[in-house]
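Presented below is the structure to which this report refers.
The values are calculated or read from the model by the stated rules, or taken from the named source; none is laboratory data. From a predicted model like this one, the values you see are computed outputs, not experimental measurements. Every residue, glycine as well, gets a Cβ built from its backbone with ideal geometry; the counts of neighbours run over all protein chains shown. Quick note on the areas: whole protein, heavy atoms, side chains included, nothing else; ligands and nucleic acids left out. Shrake-Rupley method; radii C 1.70, N 1.55, O 1.52, S 1.80 Å.
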Amino acid sequence: MNVTLTVLIAVLGVAAASAPVLGHHSFAVEYDPKKPVEGSGVISKVEWTNPHMRVYVDVTEPTGTVTTWNLELGGVNSVLRRGWKPADLMVGSKITFRGYGGRKILTRAAADVLTLADGRSFTGAAGAPDSPGGR
């Protein structure tokens, strides 16, 4: 009985400790470094959450159709250490982005460079491992 309980506790401990690792994805699973994307639009939503921030950008296509892009950035602390502030990414602000397209969701991207309307650029937001800002 005592050995069984010890083994059970050990197995549950290992399973609990590995859960966060299993939940995180690699860049290559979600995004294609051979599929560069870019666009310009207006920020419609910003999520300052971990493990990755998200910026949603409404891009008006030449046909007049509005497409919302879901851009993944680094974690909140990583983004703050690069000099970003919440005031830099305000809903309604114009922004240009460059990144790597999603493998399954075509309007999703890992943002590598975000350029604000005032010309300031932030690089390495959540780029491919070999990009200038990389992971």
Flagged in the range 28-47 as open to solvent by less than 60 Å² (accessible area, probe 1.4 Å) and of a type in the set (D, E, K, R), in numbering order, are Glu30, Asp32, Glu47
Could you give me the residue pairs with C-beta distances under 9 Å whose first residue belongs to the range 46-57 and is free of Cβ contacts under 8 Å to residues at least 12 places away in the same chain, whose second residue is open to solvent by less than 60 Å² (accessible area, probe 1.4 Å) and part of a strand (DSSP E or B) wherever it lies, and which are 6+ apart or on separate chains? Glu47/Arg54; Glu47/Val55; Glu47/Tyr56
Has the range 48-62 got any residue that is open to solvent by less than 30 Å² (accessible area, probe 1.4 Å), under 14 Å from Thr123 (Cα atoms) and touching a strand residue (DSSP E or B) at 6+ places or on another chain (Cβ under 7 Å)? no
Of all residues making up the range 98-117, the number that are of a type in the set (Gly, Ala, Ser) and in a loop (DSSP other than H, G, I, E, B): 1
For residues that are aliphatic (A, V, I, L, M) and either closer than 21 Å to Val29 by Cα or assigned to a loop (DSSP other than H, G, I, E, B) (or both), tally how many sit in the range 72-97. 4
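Conditions (1) hydrophobic (A, V, I, L, M, F, W, C); (2) farther than 16 Å from Val37 by Cα, marked per residue:
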site: Ala87; (1), (2): yes, yes
site: Gly92; (1), (2): no, yes
site: Ile105; (1), (2): yes, no
site: Arg108; (1), (2): no, no
site: Arg120; (1), (2): no, yes
site: Thr123; (1), (2): no, no
Where the second residue is among the hydroxyl-bearing types (Ser, Thr, Tyr) and crowded, with 19+ Cβ neighbours inside 10 Å and the first is under 14 Å from Thr115 (Cα atoms) and lies in the range 87-103, which pairs have Cβ atoms under 9 Å and are six or more apart or on separate chains? Gly99/Tyr31; Gly99/Ser131
